[in-house]
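This report refers to the structure that appears directly beneath it.
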Amino acid sequence: MTDLDDKLSFLLDDHPGENADAKLDELIGDINLQYRMRRYHMIGEVMRHELPRAIDTSFHSNVMARIRDENLQQSAGQTATETPARNASILSWITLKPFAGLAVAASVAMVTVALWQPLKQESGQNDNSLVSADQQKIQQLAKQQIQGGVVTASTKVQPLGMRWKVERETPGLQQKLNAYLVTHTEYSNSMQSLIPQARVAGFDSQQ
Amino acid sequence: MGTNLLDAELVKRVQAGDTGAYDILVQKYQHKVINLVGRFVSDHAECQDIAQDSFIKAFRAIHNFRGDSQFYTWLYRIAANTAKNYLASRARKSPGYTVDVDDAQHYEGESGLKEYSNPENLLLTDEIKTTIFNAIENLPDDLKSAITLRELDGLSYEEIAEVMDCPIGTVRSRIFRARDVIDKELRPLLE
């Protein structure tokens, strides 16, 4: 018998006396005091014939476990409501990402076009020098091929139109040159960097 | 301060977020709610489930409880409605008689026909009843009278003091001593 038990008895009979809050705090926080409270209630229930025919000693703990689970689920639900918001921001980014990419691509394209015009003008101005350089290379190549073969005929490169003009009386050289140009053109189709050369060394359709 | 004020204080705490206070209310009213649901549903397991659901529903709705009625009246109404809804949803026949919610707690009904799936619990309950009645029988007369007037007749401390012609402090002491003696016999069964 303790003073606390006496207070509990008094409390259960709705006479909390002084410091009712403190007593309730003690009751809520002390599991042994709760066991005693249940037994005190049970005494009254038995006397009034209110006790069920079969009591379940784990009933209240099952109820409280379900309540705790619900509270946890609610907490999880709150987290879940935050998650869609985060997902929404992610989704919006995913939705906007292609447009952002398009915007970047468009910007790059605009810059490229803007820079291309001056470059084109510059390249137009230097066309003659480039052609002459190319012609020199072609002449050297032609000389090497001629030296490798038995061709003795003279070759002439026409400066205009960037076309090769090989005299019809030197079919061997013409054949070699044409073979070279065909091969070169095939490479130029797959290699972007060779496009200018391919353009310079275009195959003569009149041949 | 009546029972209702203690309940009101516990309810206030639950509404403030103290789940432990609801645990006290569940422990206090669990058997009464089970008995009430037992008037509607005969199966013991179903009765337990419905009683649990009733407490869960009451917990969910406790923020809407304004204290216009007593907590236990409100709780009993939830339990009765839960049991009725259960019967309706399962399309089962009710016991065949109408029991008012306010009277259900006093109604004995057809308890003899109930099914109890757990013989251990049945045996334990019988032991508890026997132990308590035997302990009461062995109490000194003043303690026996005090606890009987309090628990069985529901008199207040003031009324008991008047009936027994003694101070309220003495009533308080006698009631507590009676409980303590009975509890000493009861405790080993529940540990």
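Nothing in this text is a laboratory measurement; each read-out follows from the coordinates by a stated rule. Just so it is clear, the structure is predicted and the values come from calculations on it, not from any experiment. Every residue, glycine as well, gets a Cβ built from its backbone with ideal geometry; the counts of neighbours run over all protein chains shown.
Results, tabulated for the structure shown:
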{"item": "Average partner coverage of B:33-41, which counts Cβ from other chains inside 10 Å", "result": "2"}
{"item": "Neighbouring partner chain Cβ atoms per residue of B:155-165, average, 10 Å criterion", "result": "1"}
{"item": "Pair A:Asp25, B:Ala16: separation of 7 Å Cα→Cβ label points (nm)", "result": "1.0"}
{"item": "Estimated distance in nm for a label pair at B:Glu9 and A:Asp69, the labels positioned 7 Å out from Cα along Cα-to-Cβ", "result": "3.3"}
{"item": "Gain on full stretching of the segment that runs from A:Ser107 to A:Gln136 - 0.36 nm per residue minus C-alpha separation", "result": "6.4 nm"}
{"item": "Average other protein chain Cβ within 10 Å of Cβ, residues B:175-188", "result": "5"}
